[in-house]
Structures are given as structure tokens and as C-alpha cells.
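> I'd like to ask you about the structure that follows.
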Amino acid sequence: MRTTRPVRRALPAAALAVLLTACGGTPHNSAAPPTGSASPSASPSPSPKPTGADDPALKGFYTQQVAWAPCADDPKTEKIDESALQCGRLKVPLDYADPAGEGIEVALSRKPATGADRLGSLLLNPGGPGGSGIEQLQYSGDSFKDLNARYDLVGFDPRGVGASTAVHCMDDAAHDTWALSDDRADDRGKAYADACAANSGKLLPHVGTADAARDLDVLRGALGDQKLNYLGFSYGTYLGSSYAEQFPDRTGRLVLDGAVDPTADQLDLLVQQFAGFEKSLKAFAADCTKQEQCSLGKDPDKAAQKLASFLDGLREHPLKVGKDRELTAAAGWNGTLSMLYGGQKSWEYLRNAIGWAMVRDKGDYLLAMADDYNGRDANGHYTNMFDAYTAIHCDDPGAETPSAERLQAALAEAHQQAPLVAAHFTEANLFDPDCRSWPYHSTEQPHVVKATGSAPILVVGSTGDPATPYAWSEKLASGFANATLLTRDGDGHTAYGKSSCIRDAVNGFLVNGAMPAAGTHCPTG
């Protein structure tokens, strides 16, 4: 999930954090017209249209064999041993309403189970939308070692993302301008939507989360698993929720860490994120004043304001970086807030980067953090992460243009809840991404996801998560018909990698089916 200053509905997009901003549903389960003649005195019961693997038109997709082969060596990963990884591609319909029509591909990677007592496949999603599951598995190291002993770990780039059939909108030069500009001109959204339509017009109507969830079920079938086992982070919780709603009887062991609230529209989610990052920014600044080296001074009540004033001041006085780049306010805020995803483990790096900029007028470290967040490499090349994020975001429910009255109310709330992060926001900042000119919108509305009939689902939330506030995990867990909430007491985005207690509980559920007791809390560390 992402906000203007940057929050990916992932990531870690943003966050999401994303990493990380979204809602899923079941738009394809409409009933078929009744067949045969009916008695005038009786209302005929319609025969439900077969869905998923039961639909004869989709049989060929579900029964396909993935051609696994050693992954090509990635020159960017000199220190990573990729010999254990296998790569493949999955064929899926572009439009599930027309399975016989054009097809697209979903890129896959797999790390086969290392132990003899294999449980099946465990699908991973890092968030976004726009995050690459292939890269997640590639860079994961031993993070999932205990799970890999029992499961084939499977990473995937959802439709529209990365190495899959992908959305492409702007070139690198245009992305540079887009990512670093402090100008929030009202026509920015239309220019971006027009570029996406020109370069990826066929794909745009079919990259929403509901379609990606259907791809997951095809992948489940192609892998030979009767049930889907899944570990999703940030936006990945929304994707997992959509799967559970559409295919409740095919859920195996699902873990959703750093949950997105499916009942709120994207404007509400954005404003709530502003408040979450405001809280984390103040916590970081207050901690900085306790350190020996801190460019924010020693007064914890003034430190956060001093940082915000410096970052906002980059609008008028950007810092030159190298021969032809600048640390703008947008980049400075992006670099700063992106580091809050990591919680206290990232504070030292952020403190040093801010000191480098404030004391020495050198913005290279903050700009590098912003570049990393925006998917830009050292050569100026961008991944399609932001393009995919925008396309998926705008295809999903809750992206409709709000009324003028609602916008004014949301802006007032943003200023009240996040006076530092949102100090200079106008209504234009509440459209990020700007879906007003997007050619396709979901007819579905945000709603409670019940997934009645599903297997038990484990939802994990962190009390100090800035990108996906803890209340979202509470909302998602309480909406499910069969779910338990596991809580980490601590800051930073998502919980699995930040707490051995959480990791043990999640692994115990995924490997042994042992659901933690309701109300369980875990510390960070």
C-alpha cells in the first residue's frame, strides 16, 4: 500500500509499504439462466455456473504441467546462491469470462522442500501491489528455512507484475520526473492513465486482485495441491482474502500478516496510513534525541517538527546529488518514511542518512532510499512496480472518485491526524495513485470478507505498524467466519521477520496446523 509519502500497500509497498492501499470479492459467481421448462406455479431454481476447476472451459489451465528448469543466474545477485531455485511459467486466461480467448503468463519460482516429509506447496506474496514474489524468494536466504523443510516454497509475480505478463506505462526518464517531482498538478493522473492505456491497454481491465486470486487457484491445481497453503504480507493479505472469499472450500493453511481492511475504501485507507506514519515518525524522532549523534537536537517534543520542516524545505531548496539529480521534498519524504517500514532496526540507518543531509547538505543516502523504494536501480532503470501498483490499485474496489464534500472532510482529517506528514497536502495528494481518469473500475464495493466455509485462517497484526495499522488486522480477523488474530506488540511493518515468537507460532500453524490461542500477544525480537 502506498501513499503520497510513500506507503505501499506492500511491502514491504510500501510497503507497502507498502509497501503497501485496497478489497476483494467474487464477481464471477453469477448464476447461469435456468434450463428446461418450468411449471407456471413454481419459480425455477437457477443452476449455478461451475467455477474454478469445476468449469470445463478452464480444465486445460488447471491440468497444465509447469515446466520447471534451473533459474537463470541474476548478475545483480553475486552473493546469492540461486542454484536451489527453479523457474517456470503458468498460463492463465487474460479474461476469465472468455477462457478460450487470449492468454497471459504468470512467472514462477520454486525452492523444493529440503526434507522427506513434504506437505505440498506454500505460496508466498510479499505485498505491493506490484511486489515480486520471485524476488522475495530469491532474496529470502534462510528466512523460511523451517517452512522449506516441509514445503516447496513457491514465489510468483501476480498478473501485471515483474516477470509475468506485465503492465508498462512510462519510460525511465518519465518515471524519474514522476517520482521526484514536488508538483501535484491536477492533470498528472490523466497523463499517467493515458500512458498506461497506450502501452498496456489490453491488460488494464484484467489486473485486479480478484483475477489474481483466480490465478492462484489455477496455480494450486497445476501444482497438484488439493488445498492452497499461503503466506501473504501486507497487500498479500488482501490477495489471500480474495482467494478465501472466492474459493473457501479450497483453503488450506492461510496466514495473512500485516492485514489490509477490506471494508474501507482507498481514501479512508490512505488517511489512516497518514496517521500511522505520523506516529512512527514521532517515535523515530524522539528516539533520535536520545542518541549521541542526532541532527534533530535533544528535545523530543520538537525533533519530529524539525525533521518535517527540513524535508518540506526541500521544495524550495533541493539538495544536488551527483551531476544531474536532486533530493526533492517528495524524494526526501519517500526515503524517510520508507525506512519506517523496518521499525527500530532501521532507525540507525535513517538517522545517519538524515544527518548526512541536514548537516552536510548531502542528499545521496536519502535519495538512494527513495530510489530503492520506487524500484529504481543505480543505472536509472525502473522496475514496473509503480505501473503495476497503479493498475491494480485502480482496478480494485473503492477507487471511485469521492464527492467534493468527502474530499474536503478527508483532507481535514489528514491534517488533523497527521499534521507533520500531511502539512502541505492539498486534495491532489489524496489521489495517489490517481484513479479518476482510469478507464476501468470495479463495480464491486468494499465489504466484510466472511469466506464462510473456509479452513481456519491466521491473521497477524502489529500494534505499531505504520503502513497497515493494527486496527486493519482486527477488522479483517473479526470479519472472517473462521479466523484467529495473532498480535505482535511493536513497531514496523508486518511481524513474521521481527519476532521469534510470531515466527514460531506461524511456522507451527503452517507445518502442524496448531492455531495459536485467541488473544495471543508476542513481543518484538
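The values are calculated or read from the model by the stated rules, or taken from the named source; none is laboratory data. Bear in mind that the values here come from a model prediction, so they are computed numbers and not experimental data. Note that each Cβ is placed from the backbone with ideal geometry, even for glycine, and that neighbours are counted across all protein chains shown. With ligands, DNA and RNA removed, areas are computed over all heavy atoms of the protein, side chains included. Shrake-Rupley method; radii C 1.70, N 1.55, O 1.52, S 1.80 Å.
> Over region 380-507, with every protein chain in place, what whole percent of the accessible area is carbon and sulfur at 1.4 Å, could you tell me?
53 percent
> If you keep only loop residues by DSSP, which chymotrypsin sites (Phe, Trp or Tyr not before Pro) in region 194-298 have at most 14 other Cβ atoms within 10 Å of their Cβ?
Answer in residue order: no site qualifies.
> I've got another one for you. Return the sequence-ordered ³J(HN,Hα) values of region 402-415 in whole Hz as given by the Karplus equation 6.51 cos²θ - 1.76 cosθ + 1.60 applied to θ = phi - 60°, using x for Gly and Pro.
Once θ is set to phi - 60°, the couplings for region 402-415 become x, 5, 4, 5, 5, 4, 4, 5, 5, 5, 4, 5, 4, 5 Hz.
> Compute the normalised compactness of region 380-525: alpha-carbon radius of gyration over 2.2 N^0.38 Å, N being the residue count.
1.27
> To check my understanding: the extent here is largest minus smallest coordinate of the Cα atoms along each principal axis. What are those three numbers for region 452-525, in Å, largest first?
33, 25, 17
> Assuming 1.567 mPa s and 4 °C, estimate D for region 49-109 with Stokes-Einstein, Rh taken as the Kirkwood radius over Cα pairs, in µm²/s.
95 µm²/s
> Regarding region 81-185, what whole-number volume in Å³ per residue does the convex hull of its Cα atoms give?
On the way: hull volume 16.8 nm³, N = 105.
Convex hull volume per residue, Cα atoms: 160 Å³.
> A follow-up question, please. For region 99-243, what % of the accessible area comes from carbon and sulfur atoms, probe 1.4 Å?
On the way: 2300 of 4720 Å².
Summing carbon and sulfur atoms, their accessible area is 49 percent of the total for region 99-243.
> For the pair GLU444 and ALA174, what calculated FRET efficiency results from E = 1/(1 + (r/R0)^6), where r is the Cβ-Cβ distance and R0 = 35 Å, to the nearest 0.05?
Working: r = 31 Å, r/R0 = 0.90.
Between ALA174 and GLU444 the formula returns 0.65.
> If you wrap region 352-402's Cα atoms in a convex hull and average its projection over all directions, what's the area in nm²? Let's see the in-between values first.
Numbers: hull surface 21.8 nm².
Taking the Cα atoms of region 352-402, their convex hull projects to 5.5 nm² on average.
> If the viscosity is 1.002 mPa s and the temperature 20 °C, what Stokes-Einstein diffusion coefficient in µm²/s follows for region 251-388 when Rh is the Kirkwood radius over Cα pairs?
For these conditions, the coefficient is 131 µm²/s.
> When only C-alpha pairs under 8 Å and at least 6 residues apart count, what is the relative contact order of region 150-299, in percent?
15 percent
> Would you report the distance distribution of C-alpha pairs in region 79-129 as whole percents per 10 angstrom bin, up to the bin with the largest distance?
18, 35, 33, 13, 1
> In addition: Which value, in Å to one decimal place, does the Kirkwood hydrodynamic radius take for region 157-256 when every pair of different Cα atoms is included? Show your work: numbers first, answer last.
On the way: mean 1/r = 0.0640 Å⁻¹.
After inverting the mean inverse Cα-Cα distance, the result is 15.6 Å.
> Also: Please report the base-10 log of the normalised intensity I(q)/I(0) for the chain, using a Debye sum with one equal scatterer per alpha carbon and no solvent, at each q in 0.06, 0.07, 0.11, 0.12 (1/Å).
-0.27, -0.37, -0.91, -1.09
> Round to the nearest 0.05 the FRET efficiency obtained for ALA69 and ALA116 when R0 = 30 Å and r is the Cβ-Cβ distance.
0.80
> Per 10 Å bin, what is the whole-percent P(r) computed from every C-alpha pair distance within region 212-267?
Binned Cα distances yield the sequence 26, 54, 17, 3.
> Can you give the accessible area per residue of the chain, in Å², using a 1.4 Å probe?
40 Å²
> Students often check this: by mean Cβ neighbours within 10 Å, which of 246-252, 494-500, 346-352 ranks highest, and how do the rest follow?
My ranking of the peptides, most packed first, is 494-500, 246-252, 346-352.
> In whole Hz, what ³J(HN,Hα) sequence does region 479-489 give by Karplus (6.51, -1.76, 1.60; θ = phi - 60°), x for Gly and Pro?
Listing the rounded values in order: x, 4, 6, 8, 8, 10, 9, 10, 10, 9, 8 Hz.
> Also, quick follow-up: Could you estimate the translational diffusion coefficient of region 225-329 from the Stokes-Einstein equation, with Rh from the Kirkwood formula over C-alpha pairs, at 37 °C and 0.692 mPa s, in whole µm²/s?
Result for D is 187 µm²/s.
> Which cross-chain or sequence-distant (5 or more) residues have an amide H under 5 Å from the amide H of ARG253, H modelled 1.01 Å from N in plane?
Sorted by chain and number, the residues that satisfy this are ASN229, TYR230.
> With θ set to phi - 60° and the Karplus curve 6.51 cos²θ - 1.76 cosθ + 1.60, what are the ³J(HN,Hα) couplings of region 103-111 in order, to the nearest whole Hz, using x for Gly and Pro?
x, 10, 10, 10, 7, 10, 9, 9, 10
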